[in-house]
1. Taking the Cα centre as origin and putting +1 on Lys and Arg beta-carbons and -1 on Asp and Glu beta-carbons, what dipole magnitude results for the protein assembly as shown, to the nearest 20 debye?
2. Please state the Cα pair-distance histogram of the stretch B:1-87 with 5 angstrom bins from zero: what percent is in each bin?
3. Restricting to bridges with both residues inside chain B, how much of the DSSP beta-bridge set is antiparallel, in percent to the nearest 5?
4. Classify the stretch B:2-171 as rounded, prolate or oblate from the Cα gyration tensor: take a ≥ b ≥ c as the square roots of its eigenvalues, call it rounded if a/c is under 1.5, otherwise prolate when a/b beats b/c and oblate if not.
5. Assuming 0.36 nm per residue, please report the length gained on full extension of the stretch A:A89 to A:K105 beyond their Cα-Cα distance.
6. Which one, A:L173, A:T56, A:S149, is farthest towards the positive end of the dipole of chain A when Lys and Arg carry +1 and Asp and Glu -1 on their Cβ?
7. If you wrap a convex hull around the C-alpha atoms of the stretch B:366-508 and split its volume per residue, what is the figure in Å³?
8. Multiplying the sequence separation of B:R493 and B:K521 by 0.36 nm and subtracting their Cα-Cα distance, what value in nm do you get?
Amino acid sequence: MGNLSSETAKRHVISILIENESGALSRVSGLFSARGYNIESLTVAPTEDGSLSRLTLVTRGNDEIIEQIIKQLHKLIEVVKLMDLAEYAHIEREMMLVKVDVQKKGACESVKRLADIFRARIIDVSDKTYTLEATGHREKVSALLNALSELPVIEVVRSGSMGIARGSSSLRL
Amino acid sequence: MELTGAEIFVECLEAEGVDTLFGYPGGAVLFLYDALYQATDRINHILVRHEQGAVHAAEGYAKATNKPGVVLVTSGPGATNAVTGIADAYMDSVPLVVFTGQVPRAMIGNDAFQEVDIVGITRPCVKHNFLVTDIDDLAVTIKKAFYLARSGRPGPVLVDIPKDITQIRTEFSYPETVSIRSYNPTVKGNKRQIRRAIDLILAAEKPMLYTGGGVVLGDAAEELTQLTRDLGFPITNTLMGLGGYPATDEQFVGMLGMHGTYEANTAMHESDLVIAIGARFDDRVTGNIDKFCPHAKFIHVDIDPSSISKNVHVDVPIVGDVKWVLKALLEELRSRDGVTGATTRAQIAPWWQQINEWRKMDCLKYDQDDDTIRAQYVVDKFWEITGGDAYVCSDVGQHQMWAAQYYKFDKPLRWINSGGLGTMGFGLPAAMGVQIAHPEATVGCITGDGSIQMCIQELATCTQYQLPIKVINLNNGYLGMVRQWQEFFYQKRYAMSYMDALPDFVKLAESYGHIGMRIEKPGDVEGALKEAMALQNRLVFMDFITKQEGNVYPMIPAGAGQNEMILV
Ligand SMILES: Cc1cc2nc3c(=O)[nH]c(=O)nc-3n(C[C@H](O)[C@H](O)[C@H](O)COP(=O)(O)OP(=O)(O)OC[C@H]3O[C@@H](n4cnc5c(N)ncnc54)[C@H](O)[C@@H]3O)c2cc1C
Ligand SMILES: Cc1ncc(C[n+]2csc(CCOP(=O)(O)OP(=O)(O)O)c2C)c(N)n1
């Protein structure tokens, strides 16, 4: 049978080392839009090696699509190395900053309680608002946001996921 | 030695062995043109009449030589006019280096006169592109561009050079070699997979070799022919792979795909082992992918890992250069005890019987009456008269399919057409590039009344450089390929497919200084072609008035399987 079967889509965190050159990022994002692949989140920052940036991309797809995504990423001249963390035991973290309106009676207390439970920190306080910082697995961060949603949430900033393999596996040159 | 950026540009081209450059000047490239002016004895610049023509000419040059084609155009509209050609080269994996002028660095981003972000515009249709931001990077960037364009899976590379960089000076030295840490195409195929491939080959009862443009691009026609003859297996080529195996050979069953032969498509459908070599399972080939080769296992050789298992699941993937892998397959085959051409032929004797039955359908037969010229007949005669040895360029449409079906290519690099993008307007400028690469050769341009008008201005370039191309216009008064679809699938509602107000092509050719002929009777076809061939130093524009509503057969309708062909 020639055709590719379509099974259910899985979530993959892909870490990429890419030349730190202008335009490199748009080659990656352009690839995803041109080929209709989905991007759930994308984070990028320079690395300790000034010539490289590290990009973490979260996408979804069945095995065939992920295989194509990885091959197409490799094909970009500026992609130096990559790792599909789904193939390794790995840790995933996301940071969230969230500003809530605490003018309602009892709001301050419930924010403090939730911060405590989720190990979030209160990083800014005004007479009307509290701002929290939370770090953790995407699901934990979402759970906190969910819990906070009883209050008027003014603003949410999420970093998108970052990931790293457990143990001695690593993505480096 | 201190040189200006423009002088460095010329030195780099020379160091890369570039003898010909296709281009069109403008403000942003004035320094470059000034440097070329002073190097006229070293580099031959061909002035086209539209930048699209420059890129197609460079493609023609590249497709007929396997050397990279080189283009120079100005910023803004010069660069955007080149985009169609660049996209065309990307789809067909043609090695090109395209230089575009850019506004001076200090003005980039200011919506300056004739500024476009050509690096951004072409990003999805180049193998790679560069904006040179420092004159000290210029030489190494050009070196990288040539290296990328011709290595691995070839493709177009664009280098955007701001005007001020071409003016200022720096110390020049050309790097001997260049390496790009993230780019390292795999040449040698995996030995274990090569063994597995031969195991499958020796167990197959209904094998098919399905080979494509990669064989031509990878200069592997000889190795492919050797392996195919050793095995005695049937072979089919994609549109882009024609000439990779001699078409007049008994083992060749014709092109496959939408307008492929009955025997090639039926054999693919019934096959138990498809050996794909430098071919990419394009949808024009597979038809409905769910119905494609339902009984087959797949071996797939390709230098680009992303071609493998993209459209079909492959059982034995071999990433590597086709020439290297074919040699390795031959070696492995010859190392097997007791295996000879006779044994592999015997292994599939019933399969050949079956294929020869299908061949009897004679799916490419046509009737040439005394009244109206059949396009097929013109191509047939052209093949005969040129002894099958011409370089044949084509445009896009029915005439392209007829050229592919009836001109039997025995050698690679002879069939020059636009397959992946299907760009009308490709034919004439491509033929210019081919004729410039092979001044002594017969170069034909098989075109249609629609396509020829898309780059007709290049007839002037042909005059200027005295290019004796034989233009064969298969004039059916229609955008024939569109009309055929409308006839089959839109109940003959011929929306906008009638080419009204056609020019008098004879007078048109003459006004450019060429020879024009109109041929209306089947009896005159052969004489006209011979006369045109005899006019060795002249471009001859032959306007063949052909059957208006002729159709290309066989045809696999979109969405159908390979065994669901329309035959007449
Ligand atoms: C009107 C029209 C009708 C068409 N009808 C048909 C049809 O009936 N049949 C048909 O076949 N096509 C048809 N086409 C063309 C079709 O669209 C595709 O362009 C064509 O099928 C692709 O050919 P290919 O598979 O050989 O791939 P190419 O585009 O030639 O690609 C070459 C492949 O080889 C690989 N490669 C390159 N160099 C090497 C190397 N050194 N070593 C190993 N691998 C290498 C590349 O990575 C790539 O995967 C038609 C086009 C038009 C415009
Ligand atoms: C630039 C461009 N525009 C439109 C098309 C769509 N198209 C494909 S074939 C065709 C008709 C070509 O007509 P003609 O050149 O007269 O050739 P014929 O099919 O009649 O042989 C058209 C319009 C195309 N391939 N390229």
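What follows draws every value from the coordinates through simple rules; no lab data is involved. Computed from a predicted model, the values in this text were never measured in an experiment. Virtual Cβ from ideal backbone geometry, glycine too; neighbours counted across all protein chains shown.
1. On the way: 72 positive and 91 negative charges, 407 e Å.
So the magnitude is around 1960 debye.
2. Here the calculated profile for the stretch B:1-87 is 3, 15, 25, 25, 20, 9, 2, 1.
3. Numbers: 5 of 70 bridges.
That works out to approximately 5 percent antiparallel.
4. Because its axes are fairly even, with a/c under 1.5, the stretch B:2-171 counts as rounded.
5. Net length gain for the segment: 1.3 nm.
6. A:S149
7. Dividing the Cα hull volume of the stretch B:366-508 by its residues yields 133 Å³.
8. Gain on stretching B:R493 to B:K521: 7.2 nm.
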